[in-house]
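The values are calculated or read from the model by the stated rules, or taken from the named source; none is laboratory data. Computed from a prediction, not measured in an experiment: that's the story for all the values here. Because the Cβ atoms are built from the backbone with ideal geometry, glycine has one as well, and the counts that use them run over all protein chains shown. Side chains included, ligands, DNA and RNA excluded: accessible areas come from the protein's heavy atoms. Shrake-Rupley method; radii C 1.70, N 1.55, O 1.52, S 1.80 Å.
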Amino acid sequence: MSTSEGRTTAPPDQADDAVLSMARFVPATYAEGPGLRAALWVQGCSIRCPGCFNPQLWARRGGSDRQVTDLVRELLESAATHGVEGITLLGGEPFEQAAPLARVARGLRQAGLSVMTFTGYEWADLRRWAESRPDIGALLEATDLLADGPFLADSIDTSRPWIGSRNQGLRALTDRYAEQLATFDRHPDRVEVRVAADGEIAVNGWANADALDALFADLGRRNNRH
């Protein structure tokens, strides 16, 4: 076990590598990593950072269980349709489903797509755990760009895109984004709002609570004028 910023962490339990509990999928977004990417959110997180952007994904229940083999095929078809350069894995906590996600990531990497993974665990812990946990090592090996560390609501980072707080790392684990890493701070944070035909509103990307309140207030005023 290790302690960082006053919290103690232990490695997550190992998950079945054949089934992934998926919460949400966006086939094309500019808000969840470099370039045009797909984004996949997994269900379940035991870290539960105060102020988390997705607390509805903490519970184990609520996701859709997907067979990894079928999911990889569908993701590759979607990637070809939408012309994305890669996929971003978020949650929830991806490393609590490291085994199935490693299979997903490998399948997409083999097709030439890049993989970005977000985690509330810290890089040093993940590297140490990977020595005895092949599933964690496999997901790290299949990740090109890693955003790591717990979200700290009192340490908001406004200088780097995609990152929530200053303690979090952004690490190129392969050569795919190594040369671009130093330039990522030139990319602004983005929030994307999707309004379905039935009026359901879905949001992804990163913004603080005040910015989101202003955004939704403005959406309401626009709606009232029509």
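Each of residue 110 and residue 127 was given a label point 7 Å from its Cα along the Cα-to-Cβ line. The distance between the two points is 2.9 nm.
What percentages, rounded to whole numbers, describe P(r) for segment 66-150 computed over all alpha carbon pairs with 10 Å bin width beginning at zero? So the P(r) values, bin by bin, are 18, 53, 25, 4.
Share of segment 1-146's accessible area from carbon and sulfur, percent, 1.4 Å? So the carbon and sulfur contribution to the accessible surface is 49 percent.
Between residue 46 and residue 81, the FRET efficiency from the beta-carbon distance, with R0 = 41 Å, is close to 0.75. With K and R counted +1 and D and E -1, the other residues having a Cβ less than 12 Å from that of residue 45 yield a net charge of 0. Average accessible surface for segment 29-152: 38 Å² per residue, computed with a 1.4 Å probe over protein heavy atoms with every protein chain in place. Each other residue within a Cβ distance under 15 Å of residue 111 adds +1 if Lys or Arg and -1 if Asp or Glu, for a net charge of +2. Accessible area of residue 66 (1.4 Å probe, protein heavy atoms only, ligands and nucleic acids ignored): about 50 Å². Max-minus-min Cα coordinates of segment 1-136 on each principal axis give 45, 32, 28 Å, with the largest extent listed first. Our estimate of slack between residue 153 and residue 166, defined as 0.36 nm per intervening residue step minus the Cα-Cα distance, is 3.7 nm. Summing Lys and Arg as +1 and Asp and Glu as -1 over all other residues whose Cβ lies under 15 Å from the Cβ of residue 65 gives a net charge of 0.
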